[in-house]
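See structure below.
The values are calculated or read from the model by the stated rules, or taken from the named source; none is laboratory data. Since we're looking at a predicted model, the values are computed, not measured. Virtual Cβ from ideal backbone geometry, glycine too; neighbours counted across all protein chains shown.
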Amino acid sequence: MISRRDFLKIAGLSVAAVGGGYKLGSMFASGSGDTKKVTMAAFLPDSKEEVAKALSVFREFSGIGNSAVTISATGNSELKEVGKNIFNTGSPSNGKNLRISVDRLAENVEADILISDGSLSLYNPDLNFNGALTGLRRSLKNKNAGIMVTVTVSDESLFSSYFGGTKTAVVEANGKIVEKISLERKSSDITVAGSHGNALITAGNGIAYIKHSDCRNKLCSKMGHAHMTNDVVACAPNKVVLRIENA
C-alpha cells in the first residue's frame, strides 16, 4: 500500500501503504492497466463495519459486483468472515479468484486506501478513484488504522498463486524495473535509491519485503512479507515498488 492529501497510486495489491509521508502527485507508471488483476490495501480502524464498507466499495470498483468468486482468506478469523459475506462465493463461470488477508498493525497509523492493477504501480486517488472510493477515503480522514486489509481479485488460479513455479521479486523505482531477484536463492539485501531516500529490500528463501526505508512513517516496512504471485509492497514516498511474479 503517502501523505493523505497528495497520496497517489498503489502498487499491485495489493499491496501498498499510506500515512503522512507519501507525496507523489502523479502516476509514476504508464500503461492502460491490467483488468485481470486489481488489488486494494486498506488501512482501517479495527471494526467489522469499516472492513465491510471497504470491501463493498472494492467489490464494485473491481467489477466483481454479484459475480461468483473463489475466495481464499487468511488472518484474523472474525474479520475475514466479514469479507466472505460481502462477496458471492461459489463456482465462478468467469474464473475470478479472490484473496483476502487481514492483519493487525503493531501500531496505529493514519487510515487510508491504496489501489493498483497489473500495470499501474499506484493509482492516483485524484485521477483514478471513482466516487465511492473517494467517499471512502474521505470518511477515513483523521481516523487511526489498527488493521490492514489486503484484497486481490485475479484471473490467476489460487493454486498457481501459491504453488505456480519459481517466483521472482521485481523491484521498481520511479516507474522503472531496477532488479529482478529469484526467491529461490539465498536471502540477501539490496539497497534501492528512491525519490526521497533509500529503501532496503530483503529477498530470497521464498519471501521478499522492505526491511527499512527513509520515508517518514515506515509503513512499507510494516506491510509484511510478499511471497505469492501478485503480492505487492510499496513505498509511495520513495516511488519504490516490490512485487512478486512467476519467473
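Structure above, values below:
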| quantity | calculated |
| --- | --- |
| Subset of the range 220-247 (residues that are surrounded by fewer than 22 Cβ atoms within 10 Å (Cβ to Cβ) and of a type in the set (Lys, Arg)) | Lys222 |
| Among the residues listed as Asn94, Asn76, Asn85, the single one being over 27 Å from Val171 (Cα atoms) and modelled with pLDDT of 80 or more | Asn85 |
| Thr152 being within 21 Å of Ala226 (Cβ to Cβ), modelled with pLDDT under 90 and more than 20 Å from the chain's Cα centre (by Cα) | no |
| Which numbered condition Tyr162 fails, given (1) at pLDDT below 85; (2) buried (at least 20 other Cβ atoms within 10 Å of the Cβ); (3) more than 26 Å from Asn124 (Cβ to Cβ) | (2) |
| Residue within the range 102-109 that is among the charged types (D, E, K, R) and either modelled with pLDDT of 75 or more or part of a helix (DSSP H, G or I) (or both) present | yes |
| Search result, residues across the range 111-131 that are within 25 Å of Asn144 (Cβ to Cβ) and at pLDDT below 80 | Leu114, Ser116, Leu122, Tyr123, Asn124 |
| Among the candidates Arg216, Arg185, residue that is in a loop (DSSP other than H, G, I, E, B), surrounded by 14 or more Cβ atoms within 10 Å (Cβ to Cβ) and either among the aromatic types (Phe, Trp, Tyr) or over 18 Å from the mean Cα position of the chain (by Cα) (or both) | Arg216 |
| Evaluation of Thr202 against (1) at pLDDT 90 or above; (2) surrounded by fewer than 14 Cβ atoms within 10 Å (Cβ to Cβ) (one fails), failing number | (2) |
| Residues that are modelled with pLDDT of 75 or more and more than 22 Å from His196 (Cα to Cα), drawn from the range 219-247 | His225, Ala226, His227, Met228, Thr229, Asp231, Ile244, Glu245, Asn246 |
| Selection from the range 34-57 of residues that are of a type in the set (Asp, Glu) and either crowded, with 24+ Cβ neighbours inside 10 Å or at pLDDT 80 or above (or both) | Asp46, Glu49, Glu50 |
